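Visitor: The structure's right below; bear with me while I get my questions together.
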2 protein chains.
Amino acid sequence: MTTDLRDPSASRDHGGRIDAAVARYGGERGDWIDLSTGINPVPYPIGDLPCSSWIDLPDHAANTALIAAARAFWPCPARAAVLAVPGLSLAISLIPRLTAAGRVSIATPTYNEHAAAFRAAGWDVTQSGAVDARVAVHPNNPDGRIWRAEETCAPLSIIDESFCDTAPEHSLIHLADRPGTLVLKSFGKFWGLAGLRLGFVIGDPDLVAMLAAMLGPWVVSGPALHIGAAALRDPDWADDTRARLAHDRDRLDNLLLGGGAILTGGTSLFRLYNHPHAQALHDHLAQHHIWTRPFPWSDTAIRFGLPGPNGWSRLQAALDSAP
Amino acid sequence: MTTDLRDPSASRDHGGRIDAAVARYGGERGDWIDLSTGINPVPYPIGDLPCSSWIDLPDHAANTALIAAARAFWPCPARAAVLAVPGLSLAISLIPRLTAAGRVSIATPTYNEHAAAFRAAGWDVTQSGAVDARVAVHPNNPDGRIWRAEETCAPLSIIDESFCDTAPEHSLIHLADRPGTLVLKSFGKFWGLAGLRLGFVIGDPDLVAMLAAMLGPWVVSGPALHIGAAALRDPDWADDTRARLAHDRDRLDNLLLGGGAILTGGTSLFRLYNHPHAQALHDHLAQHHIWTRPFPWSDTAIRFGLPGPNGWSRLQAALDSAP
């Protein structure tokens, strides 16, 4: 048994490895401030769950209600199919198996599970030339690149809008009725419930049906069906959250830009900075049990998620003491 | 959008369709007694969940703890790999895609998602002859058939022990270190938390690694990691539950056998009876908002799960008034 076997992402670079941070820098897990992901630190309130959501097989009516809420929230084109999945990672991993392997264009840097999944399914990953598939992470992680619709064309077009709910005016959801197109939506990031495992695949009905058949029945948990439907029917919470995230994003920029960092991109859920000593800054903050995200492809890039309400003063103090 | 798209099992015969029962026979969903599945009606107590299980990306340490608990509980051979999955249905659906399609032997009647998944992946499903794969649901659903180890041999051997935790003395888990073998364990049934979505694939490290790579990272929810580990570290609850289920199984048999039914198989989680008027009995009970399971392949077979503590008197009264 290797580590890889139990966690296929273990060999790839990701945020969210707080347990590894604790092992290296000490402290109690609960005392760490995790800024290594782009997850909203003020989650949607879970409320009381009906016991039946834990006990019963997730039923068709609950799934139908969740899908209806998703259709209305984004809003999805009528001709697009909508499938709920237990976390978007699973969809990202399986989508390359929906069609014959060929060449896929994935602009880098970006979220690295897309390329890993296409390679595992036998595809050639490229950044240019004629391709059979194209992945657009929109806005891109980590640099916040916004794609134009015409840049996303391909026989199989994946538009990953995991971080688009902070800026719905940029959404390309209207392309979900384009043949061969799948728009991906993450629930865990904007609604701050990454442990719940919920995401959506919206687009070409034939592709969505193939993916649904691969997943089998009852793939989304009862709690995810319940909480997801409640959250997607609550546009006021989403509006308030967008305003708060934008405010906190600016506050974070102000903290960092005073310390020699240059903003190079991001969204309201994460910020990418250039810093002349990015790795040293990462290490310094880790000694204060604040976990940020450097990148293996750059000596100067560092990404910060947003702290929760109780994290700002510690972050400011740690930044103030940086060498 | 068709119903099938959102629930690929909708066209197949399953228990657990309480919403369909309510639509046809009326009543409030919460007032129905669902005996159409084999899910323990007295679930493992969930207790208080740490907020982090909902909020954080499921971390490697929590997954490692769950796997260690699973290894100890069943117990798994040291050379077998153990993978947690978000419900066993997902694994059942993807396993036929781990190797080249060929001929698979699946004795019928049995849980019908196995054959559906193999067919969807291009396999020929047969009941006899030389095969490349074999599925043994052990004990079988619905008739409780117990398989001998030598009956499960094949280049790809799937031993589905979804219902074996009521009778661990019959488990073939020791075969999980046989090359090409995968033993499947369901959490939702014995522990009564089908909505949680948790299962395990235990066996050939190469096959398990391929399946893990197909699923991608963070596939099991934070609540499932937490509750699953607690439950699998609690053998006393499992022992008490086995004793209670055996008692209730006998009580159910006594109720049914007095009314013209003949026991033809089952486990402590469900009982298969022959009844000369099975469909009429099913309809009569449905009018009393008790949902049982007839089968499309038989006019006389009917399956009952166990009622919870508050269901017995209503079941008895409804059976007493059967024509």
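Visitor: Report relative contact order for chain A in percent, whole number only (criteria: Cα-Cα under 8 Å, sequence separation at least 6).
Guide: Relative contact order, chain A: 24 percent.
Visitor: Let me ask something additional. Between copies, how far does the label point of residue B:263 sit from its twins, in nm, shortest first, when each point is 7 Å from Cα along Cα→Cβ?
Guide: 7.2
Visitor: Pop the C-beta distance of residue A:321 and residue A:170 into the FRET formula with R0 = 41 Å and round what comes out to the nearest 0.05.
Guide: Taking R0 as 41 Å, the efficiency between residue A:321 and residue A:170 is 0.65.
Visitor: Another question, if that's okay. Summing both sides, how much accessible area is buried between A and B? Use a 1.4 Å probe and give Å² to the nearest 100.
Guide: Counting protein atoms only, the buried area is about 5100 Å².
Visitor: Which percent of the accessible heavy-atom area of segment A:102-164 goes to carbon and sulfur, probe 1.4 angstrom?
Guide: 49
Visitor: Distances in nm, one decimal, shortest first, from residue A:240 to the same residue in every other copy, taking the label point 7 angstrom along Cα→Cβ.
Guide: For residue A:240, the other copies' label points sit at 4.1 nm, shortest first.
Visitor: Follow-up question, since we're still on this one. Check which residues have an amide H placed less than 5 Å from residue B:163's amide H, if you skip close sequence neighbours.
Guide: For residue B:163, whose amide H was placed from the backbone, the distant partners under 5 Å are B:138.
Visitor: What's the average, rounded to a whole number, of partner chain beta-carbon atoms within 10 Å of each residue's beta-carbon in B:82-88?
Guide: 5
Visitor: Rounded, prolate or oblate: pick one for segment B:140-274, where a ≥ b ≥ c are the square roots of the eigenvalues of its C-alpha gyration tensor, a/c under 1.5 means rounded, and failing that, prolate if a/b is larger than b/c, else oblate.
Guide: In terms of gyration-tensor shape, oblate.
Visitor: Can you tell me the order of A:48-59, B:80-91, B:277-288 when each peptide is scored by its average per-residue count of other Cβ atoms within 10 angstrom, highest first?
Guide: B:80-91, A:48-59, B:277-288
Visitor: What nm distance separates the two modelled labels at residue A:23 and residue A:127, each placed 7 Å from Cα along Cα→Cβ?
Guide: Spacing of the two 7 Å Cα→Cβ label points: 3.2 nm.
Visitor: Axis carrying A onto B: which residue of A has the nearest Cβ, and how far, whole Å?
Guide: Residue of A nearest the axis onto B, distance in Å: A:86, 2.
Visitor: Test of the criteria: in segment B:179-214, which trypsin sites (Lys or Arg not before Pro) are in a DSSP loop and have at most 11 other Cβ atoms within 10 angstrom of their Cβ?
Guide: Qualifying residues, ordered by number: none.
Visitor: Tally the DSSP beta bridges in the protein assembly as shown and give the antiparallel ones as a percent, rounded to 5.
Guide: About 55 percent, rounded to the nearest 5.
Visitor: Continuing with the same structure: Please identify the chymotrypsin sites (Phe, Trp or Tyr not before Pro) of segment A:272-323 that satisfy two criteria: DSSP loop assignment and at most 13 other Cβ atoms within 10 Å. Which are they?
Guide: Counting only loop positions with at most 13 other Cβ atoms within 10 Å, the chymotrypsin sites (Phe, Trp or Tyr not before Pro) in segment A:272-323 are A:297.
Visitor: Averaged across the residues of B:61-67, what count of C-beta atoms belonging to other chains lies within 10 Å of each residue's C-beta?
Guide: Partner Cβ neighbours, averaged per residue: 3.
Visitor: Taking Cα pairs under 8 Å and at least six residues apart, what relative contact order does segment B:52-124 come out at, in percent?
Guide: This gives 25 percent for segment B:52-124.
Visitor: Restricting to Cα pairs below 8 Å that are 6+ residues apart, what does the relative contact order work out to for segment A:166-323? Please round to a whole percent.
Guide: Relative contact order, segment A:166-323: 15 percent.
Visitor: In whole Å, what is the distance between the alpha-carbon centres of segment A:167-245 and segment A:253-323?
Guide: One Cα centre to the other: 29 Å.
Visitor: Would you work out the charge dipole size for segment A:1-137 about its Cα centre, treating the Cβ of every Lys and Arg as +1 and the Cβ of every Asp and Glu as -1, and quote it to the nearest 20 debye?
Guide: Computed about the Cα centre, the dipole is about 540 debye.
Visitor: Moving on. Which order do the peptides A:103-111, A:232-240 come out in when sorted by mean C-beta neighbours inside 10 angstrom, highest first?
Guide: The most tightly packed comes first, giving A:103-111, A:232-240.
Visitor: Summing -39500 (n - 2.57) over the DSSP H runs of n ≥ 4 in chain B and dividing by its residue number, what mean residue ellipticity at 222 nm do you reach, to the nearest 500 deg cm²/dmol?
Guide: For chain B, the value works out to -10000 deg cm²/dmol.
Visitor: For a test of the definition: using alpha carbon positions, the gyration tensor, and the 1.5 limit on a/c, classify segment A:8-148 as rounded, prolate or oblate.
Guide: oblate
Visitor: Run through the other copies and list how far each one's label point is from that of residue B:155, in nm with one decimal, shortest first; the point sits 7 Å from Cα along Cα-Cβ.
Guide: 2.9
Visitor: With each pseudo-label sitting 7 Å past Cα toward Cβ, what's the residue A:244-residue A:51 distance in nm, one decimal?
Guide: Going from the residue A:244 label point to the residue A:51 one covers 3.2 nm.
Visitor: Which FRET efficiency, nearest 0.05, do residue B:312 and residue B:206 yield, Cβ-Cβ r, R0 51 Å?
Guide: Computed FRET efficiency for residue B:312 and residue B:206: 0.60.
Visitor: Want the number for residue B:78 to residue B:298: 0.36 nm per residue separation, take away the alpha-carbon distance, what's left?
Guide: 74.9 nm
Visitor: Residue B:108 to residue B:236: FRET efficiency via 1/(1 + (r/R0)^6), r the Cβ-Cβ distance, R0 51 Å, to the nearest 0.05?
Guide: 0.85
Visitor: Only four residue types carry charge here, +1 at the Cβ of Lys and Arg and -1 at the Cβ of Asp and Glu. Report the dipole size of chain A about the Cα centre in Debye, rounded to the nearest 20.
Guide: So the dipole magnitude of chain A works out to roughly 320 debye.
Visitor: Within 10 Å of each Cβ of B:242-255, how many other protein chain Cβ atoms are there on average?
Guide: 0
Visitor: Averaged per residue, what accessible area in Å² does segment B:194-302 show with a 1.4 Å probe, protein chains only?
Guide: The answer is 36 Å² per residue.
The values are calculated or read from the model by the stated rules, or taken from the named source; none is laboratory data. Just so we're clear, the structure is a prediction, and the values are computed from it rather than from any experiment. All Cβ positions, even for glycine, are placed from backbone atoms using ideal geometry, and neighbour counts span all protein chains on display. SASA here: full protein model, heavy atoms, side chains in, ligands and nucleic acids out. Shrake-Rupley method; radii C 1.70, N 1.55, O 1.52, S 1.80 Å.
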